[in-house]
1. Counting heavy atoms of the protein chains only and a 1.4 Å probe, report the per residue accessible area for the stretch 59-105 as a whole number of Å².
2. Give me the percent of the accessible area of the stretch 319-394 that comes from carbon and sulfur atoms, probe 1.4 Å, all protein chains in place.
3. Give me the Å³ per residue figure for the convex hull around the C-alpha atoms of the stretch 293-351.
4. Compute the length gained on full extension between LYS272 and GLU210: take 0.36 nm times their separation in residues and subtract their Cα-Cα distance, giving the result in nm to one decimal.
5. Per residue, how much accessible area does the stretch 224-296 show when a 1.4 Å probe rolls over the protein heavy atoms, in square angstrom?
6. Would you please put 262-272, 174-184 in order of how densely packed they are, using the mean number of other Cβ atoms within 10 angstrom per residue and starting with the highest?
7. Can you pull the percent of the stretch 81-130's accessible area that's carbon plus sulfur, 1.4 Å probe, other chains left in place?
8. I need the Debye-formula profile for the chain: one equal scatterer per C-alpha, no solvent, reported as log10 I(q)/I(0) at q = 0.08, 0.09, 0.14, 0.15 1/Å, two decimals.
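The values are calculated or read from the model by the stated rules, or taken from the named source; none is laboratory data. A quick note: this is a predicted structure, and the numbers were derived from the prediction, not measured. Because the Cβ atoms are built from the backbone with ideal geometry, glycine has one as well, and the counts that use them run over all protein chains shown. Quick note on the areas: whole protein, heavy atoms, side chains included, nothing else; ligands and nucleic acids left out. Shrake-Rupley method; radii C 1.70, N 1.55, O 1.52, S 1.80 Å.
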Amino acid sequence: MSFKITDTVSWVGKIDWELNKFHGDEYSTHKGSSYNSYLIKDEKTVLIDTVWQPFSKEFVSKLKQEIDLDKIDYIIMNHSEVDHSGALLDLMNEIPNTPIYCTKNGVKIIKGHYHKDWNFVEVKTGDTLDIGKHTLTFIEARMLHWPDTMFTYMSGENILFSNDAFGQHFASEHMYNDKVDSSELYLEAIKYYANILTPFSKFVTKKIEEVLSFNLPVDMICPSHGIIWRDNPLQIVNKYMEWANSYKENQITIIYDTMWNATRKMAEEIAKGIAAIDKDVTVKVYNSAKRDKNDIITEVFKSKMIIVGSSTINNGILSSTAALLEMIKGLKFTDKKAFGFGSYGWSGESVKLITEELKEAGFEIVSDGIKELWNPDEDGLNRCRKLGESVVKM
Ligand code: FEO
């Protein structure tokens, strides 16, 4: 499959309907994904990005149906992660001398992955490539989300090829934002931001301000995953500005794991307490061992406060809680509140350990939390409910 985006630009990527995990096992892709590669036919012919390695041969073979590969004048690698550079080996076997335009870090990363001394051309912000009627301008976008990342802007067509930024893991037979269900699209876009871009929010804000300061007309944003933004493309840019600014909604998320349901009961009572006092706040409750970790992270991203619970086991905390806290720590959320809770039998370290982890993750700890011995009785459940009630004022 390929399709024309404009008279000069075609999509020549791969829709991956089957993908259910990305970045190894780190990111769930409930709706599959796509690896978007773009072919520009001007006086010069340009290929922007490729696809993930398992689709490499299919990509090269389909590209041959679009164009004689020898006619490709330039390859642009906006980002070297293997989901975009994975077809380079097969492609470069066919056209070994074609120049590859990328950032200095891009050269290092591509060499690190493929150990080939291809014809690299290093570019930096403001460098341009005249391709005939149109000009391509490169804009480094370091740490969005790798050190090598860059955008390519095509004047005349006014297209921003943004690579991962503004993308979503969303396989669809419709490739434009005005053709897909907007709520589905935004669900995937916010999940992508929450799970991948959150730690780089400061870079996101700076980069967007820089790009906007160029006053370039943008008719389309073509990311490297998912849907192309052509209807009011700046809507996703404005969303990114919101998301990058310590984003939160009026939401409190309770996340727990439990062995014999005592910590679950505590979670539910805390939720009841919050809901009894504040009729407007959204309270969501997730068992971290049973729900998708990336969906939970998206809810953490949307929350003003998270409350994390675990039973004590072997002087520690349950493995799903520990894993989620590790993810939360890495994502460097800002301006969010938190505290811990959990049941115990004898040693009872879980709440202290959760609190330490949350503090280290940058959360404002608003309570010492609560721990209950064995299975909480009515008094214990009351204590949890009261704590929930008091949370509203924190
Ligand atoms: Fe889609 Fe960072 O690769």
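1. On a per-residue basis, 37 Å².
2. Carbon and sulfur atoms account for 52 percent of the accessible area of the stretch 319-394.
3. Normalising the Cα hull of the stretch 293-351 by residue number yields 74 Å³.
4. Stretched out fully, the LYS272 to GLU210 stretch lengthens by 17.8 nm.
5. Numbers: 3270 Å² over 73 residues.
So the stretch 224-296 comes to 45 Å² accessible per residue, rounded to a whole number.
6. On the way: 262-272: 22.5, 174-184: 14.4.
Going by the mean number of other Cβ atoms within 10 Å, highest first, we get 262-272, 174-184.
7. Numbers: 1090 of 2390 Å².
Ligands and nucleic acids excluded, carbon and sulfur reach 46 percent.
8. These q points yield log10 I(q)/I(0) values of -0.49, -0.59, -1.09, -1.20.
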